[in-house]
Structures are given as structure tokens and as C-alpha cells.
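Note sheet for the following structure.
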Amino acid sequence: MLLETHVLQDTDPDLPALIAGGFDIVGESWGAELLLADDAAARRAIAALRAHVDAVAAAGLEVRELTPADAPAIAALDAASWADVPSTPATVHAPTSETEARDWTARGHRGFGAFDRGALVGLCVGSGGDNGYIVVAPTHRGRGVGRAVTAAWMLAAIEAGERALTAGGATENTRSLDLVRTVGFRVTERWLSLQRR
Ligand SMILES: CC(C)(COP(=O)(O)OP(=O)(O)OC[C@H]1O[C@@H](n2cnc3c(N)ncnc32)[C@H](O)[C@@H]1OP(=O)(O)O)[C@@H](O)C(=O)NCCC(=O)NCCS
């Protein structure tokens with residue numbers, strides 16, 4: 001059955017009428033941004049982000065930009081790592097196929113991965129300053145890998161001239177929110193997903 005779904009900001013004046021009219025809140029999500037006001041702010045951000053990448057490199061992992069040749073590993077990591085991830089109607093993650101991953105570069109996406117003895121264990125992908133998604137293999141979580149690949153992606157975006165970075169996710173996914181906060185993002189928007197009772 002196709003449910004009637006609305007996604008609106010928590011400040012939207014239509015919200016009370018929708019709830020009174022038979023809609024339930026079925027998910028909450030956030031939007032966050034990092035604005036770099038000037039070149040000095042960009043330089044400070046770059047130094048902090050490099051330290052996150054260097055920390056996992058010191059632990060023996062390689063962090064580098066992903067290429068079309070990494071597509072099979074990207075699809076496999078994605079397929080193996082999303083089973084337990086909370087989502088909302090506003091933040092659904094469709095698994096990345098090998099074909100999609102191969103097309104990332106051609107479609108203006110840049111991805112950065114962390115490799116443990118040659119195996120891809122985490123990645124962050126985005127387009128311009130917009131973060132797409134971050135994923136780390138369940139075996140490698142909680143060791144700074146997510147932060148390092150996110151920092152690598154942010155570094156490349158900032159070095160390419162982006163001064164406004166954005167990210168988003170499900171509120172229930174506290175790890176993802178904690179992660180983006182530790183690399184400098186600030187939550188600026190909260191979104192609610194509503195479906196008819
Ligand atoms: C979210 C995710 C990418 C985090 O990756 P990770 O490598 O485990 O994260 P890191 O080790 O780099 O940790 C960065 C911060 O996240 C938070 N964090 C990470 N693991 C956590 C855990 N198990 N419990 C609570 N907070 C955690 C912490 O705030 C940590 O900062 P700290 O080390 O200073 O305390 C990973 O859990 C994952 O792949 N989840 C499934 C996919 C997903 O939800 N992606 C995000 C949506 S785009």
C-alpha cells in the first residue's frame with residue numbers, strides 16, 4: 001500500500017493542521033552545515049581534518065580517493081553494512097550498485113575510502129559540498145574510520161573551493177549525527193516525516 005507521506009521542517013506552520021487531520025510523525029531527520037566564512041576559517045578546518053585522516057593512517061589504514069576500479073568493493077561494502085541502520089521516509093538509503101559506483105566520477109561525485117590491508121572498510125561520498133553518505137564495515141566501527149573518510153571527503157571539497165558543506169540523516173541514527181558534529185557540522189534544520197494514520 002502506498003502511504004501518503006509529507007516531509008516538513010519542524011517549524012512549518014502546516015504541521016499542527018496535518019497532525020490534527022490524521023497524520024502521525026513516523027520519522028525525524030536533521031540537516032547540518034559547516035560554513036567557512038573566509039580563507040582563515042578554511043585553513044583551520046583543513047588542519048583539523050588532516051589530523052583525523054592522519055590518525056587512522058598512523059593506525060596502518062590507507063585513506064585515498066576512490067576510482068571506478070573500486071566499484072565492486074564499494075557495492076560489497078554497502079550491501080554488507082546497512083542492515084541495522086535507522087532511516088526515515090526522508091532519509092532512505094538505496095544500496096549503491098556496482099554500476100552506480102562506477103559512474104560516480106562521471107556524475108560529479110567524489111568518494112574517499114579507508115583500506116585495511118587492501119580491503120575497503122569505510123567510505124564517504126558526496127557531490128560538491130553536499131555529503132551523500134558515510135558507511136563503515138561493522139567490523140571497523142568506533143575506531144575513527146568514519147570520521148577519517150568524512151574528513152578526507154571534506155578536505156577535497158574545501159580544497160576544491162567549497163565553503164558551505166551540508167549533511168543530513170535520521171535523528172535515530174545518533175552515531176551518524178555524533179560523527180558529523182565531531183568534524184565541525186552544526187545542525188541547522190530538523191525535519192519530520194508524517195504519514196496518515
Ligand atoms: C555512522 C558510522 C559511519 C560511524 O562510523 P565509525 O567509523 O564507527 O565512526 P568513528 O569511529 O569515526 O566515530 C566518530 C564519532 O562517531 C561517534 N560514534 C562512533 N561509533 C559510535 C558508537 N558505537 N556509539 C556511539 N557513538 C559512536 C562518536 O561520537 C565518535 O566520536 P569520538 O570517537 O570522538 O567519540 C558507522 O556507524 C556506520 O557505518 N553506520 C552505518 C551506516 C550509517 O548509518 N551511515 C550514516 C548515514 S549517512
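About the Cα centre, and with charges only on the beta carbon of Lys, Arg (+1) and Asp, Glu (-1), how big is the dipole of segment 1-60? Nearest 20 debye, please.
Numbers: 3 positive and 10 negative charges, 100 e Å.
Dipole size: approximately 480 debye.
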### Message
Per residue, how much accessible surface does the chain expose to a 1.4 Å probe? Answer in Å², no decimals.
### Response
52
### Percent RCO, i.e. relative contact order, over the chain, from Cα pairs under 8 Å lying at least 6 residues apart
40
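Run lengths n ≥ 4 of DSSP H only: what is the helix-derived mean residue ellipticity at 222 nm for the chain, with -39500 (n - 2.57) per run over all residues, to the nearest 500?
Details: 6 runs with 67 residues, N = 197.
When only DSSP H runs of four or more count, the value is -10500 deg cm²/dmol.
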### Message
Residues of segment 85-105 with backbone nitrogen within less than 17 Å of a virtual label 7 Å along the Cα-to-Cβ line of residue 25, please, listed as ranges.
### Response
87-91
### Query
How much space per residue, in cubic angstrom, does the convex hull of the C-alpha atoms of the chain take up?
124
### Task
Return the distance in nm (one decimal) between the two label points of a simple spin-label model at residue 38 and residue 105, each offset 7 Å from Cα along Cα→Cβ.
3.8
### Query
How much accessible area does residue 25 have with a 1.4 Å probe, in Å² rounded to the nearest 10?
80
### Query
HN-Hα J couplings of segment 60-73 from phi, Karplus 6.51/-1.76/1.60, θ = phi - 60°, integer Hz, Gly and Pro as x?
x, 8, 9, 10, 8, 6, 7, 10, x, 5, 7, 3, x, 5
### Task
Loop only per DSSP, at most 14 neighbouring Cβ atoms within 10 Å: give me the trypsin sites (Lys or Arg not before Pro) in segment 31-132, ordered by residue number.
107, 117
### Zone residues, segment 168-197, relative to residue 57, backbone N less than 20 Å from point 7 Å out along Cα-to-Cβ
183-184
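The values are calculated or read from the model by the stated rules, or taken from the named source; none is laboratory data. In this text, all values refer to a predicted model and were calculated from it rather than measured experimentally. Counting neighbours? That spans all protein chains shown, and the Cβs are built from the backbone with ideal geometry, glycine included. Surface accessibility is based on the protein's heavy atoms, side chains included, excluding ligands, DNA and RNA. Shrake-Rupley method; radii C 1.70, N 1.55, O 1.52, S 1.80 Å.
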